[in-house]
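Take a look at the structure set out below.
The values are calculated or read from the model by the stated rules, or taken from the named source; none is laboratory data. Since this is a predicted model, take the numbers as computed values, not measurements. Cβ placement follows ideal geometry from the backbone for every residue including glycine, while neighbour counts extend to all protein chains displayed.
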Amino acid sequence: MESARSKLGLGAAIGAVGVLALLGLAGLAVVYTGAYNVAATEEHLSLTRWAFDTTMHRSVRSRADAITRAAEDATPAMLESGASLYKSTCQHCHGGPGVEREEWAGGMRPRPPHLAEAAAEWEPNELFWIAKHGIRMTGMPAFGPSHDDETLWKVVAFVAQLPAMTPERYASLGGGAGHGHGGGAHGSPGGMATPAPAPEAASQAGSPAR
Ligand code: HEC
């Protein structure tokens, strides 16, 4: 009796290990055969998209909980400098009230969402966490390595107000024409209007032929 039962247990254990091994092999096959299409011209499967999204939201929420900075009222000066940083570092991907993201940013998968809508889903501490740490494997950069916390809180103060902001107010903040390419003006691809890829391109152009 005893031994029959333990044989059954052993059989089940071997079966489970076998199934796991097969799953592992199937996973390796996908990795090595190139079966998975990484093209950004393809949309994610809805299951993949759901898994990414949910993972991202839960991950940000649980980490941002540790940031306990009392919400302070955004002063006009904060908004001004937050706006000018937003327009020079975020707008080409995320657009703004009355301003579309650059055409090339629409080719990213996932596409950077319009923050004028998406920002409403996040608390300020979560926006701060995202801006500081970025989101791996999405193209959302981490701004922590290049900007101090004070600066990032200013962008956050500005971003938090985007959902309620009119295009006119958006256009009037952050030095207006300073960095922006003028409301709605389309940067021509390859033209001078796209500052982002410049550093790398410049350093390649500047280096002697390899
Ligand atoms: C190179 C393009 C790019 C730049 C520049 C960029 N982002 Fe993003 N951002 C993304 C992408 C891509 C995502 C991920 C979208 C997803 O996962 O659905 C994202 C996600 C976000 C999110 C989460 C939105 C959501 O609900 O999914 C916030 C908030 C955000 N970015 C804020 C910023 C801020 C603030 C800046 C400027 C300091 C900035 N981003 C600059 C591409 C960019």
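Observations on the structure shown:
- Verdict on ALA116 being closer than 18 Å to TYR170 by Cβ and over 13 Å from the mean Cα position of the chain (by Cα): yes
- Any hit, the stretch 101-115, residues being over 19 Å from ASP53 (Cβ atoms) and acidic (Asp, Glu): yes
- Some residue of the stretch 150-157 being more than 10 Å from the ligand (Cβ to nearest atom), β-branched (Val, Ile, Thr) and at pLDDT 95 or above: no
- For PRO145, the conditions (1) over 22 Å from TYR170 (Cα atoms); (2) within 9 Å of the ligand (Cβ to nearest atom) all hold with the exception of (2).
- A count restricted to the stretch 85-103 and to residues that are out of contact with any helix residue (DSSP H, G or I) (no Cβ under 6 Å at 6 or more places or on another chain), closer than 17 Å to GLU168 by Cα and either more than 13 Å from the ligand (Cβ to nearest atom) or among the hydrophobic types (A, V, I, L, M, F, W, C) (or both) stands at 2.
- Residues in the stretch 58-104 that are more than 20 Å from GLY139 (Cα to Cα) and surrounded by fewer than 14 Cβ atoms within 10 Å (Cβ to Cβ): SER62, ASP65, ALA66, THR68, ARG69, ALA70, ALA71, GLU72, ASP73, THR75, PRO76, ALA77.
- Within the stretch 110-128, the set of residues being within 8 Å of the ligand (Cβ to nearest atom) and farther than 24 Å from GLU72 by Cβ comprises PRO110, ARG111, PRO112, PRO113.
- Of all residues assigned to the stretch 58-66, at least one qualifies as being away from the ligand (no atom under 15 Å from the Cβ), of a type outside the set (Gly, Ala, Ser) and under 16 Å from TRP122 (Cα atoms).
- Between ALA119, ALA142, the distinction of being among the hydrophobic types (A, V, I, L, M, F, W, C) and surrounded by 16 or more Cβ atoms within 10 Å (Cβ to Cβ) belongs to ALA119 only.
- Qualifying residue in the stretch 69-84 (condition: within 17 Å of the chain's Cα centre (by Cα) and either without any contact (Cβ under 8 Å) to a residue 24 or more places away in the chain or within 14 Å of the ligand (Cβ to nearest atom) (or both)): no
- Note on the stretch 97-173: enclosed helices (runs of 4 or more DSSP H) holding 1 or more residues that are in contact (Cβ under 8 Å) with a residue 12 or more places away in the chain, under 25 Å from HIS44 (Cβ atoms) and in contact with a Lys or Arg (Cβ under 8 Å, 6 or more places away or on another chain) are 124-133.
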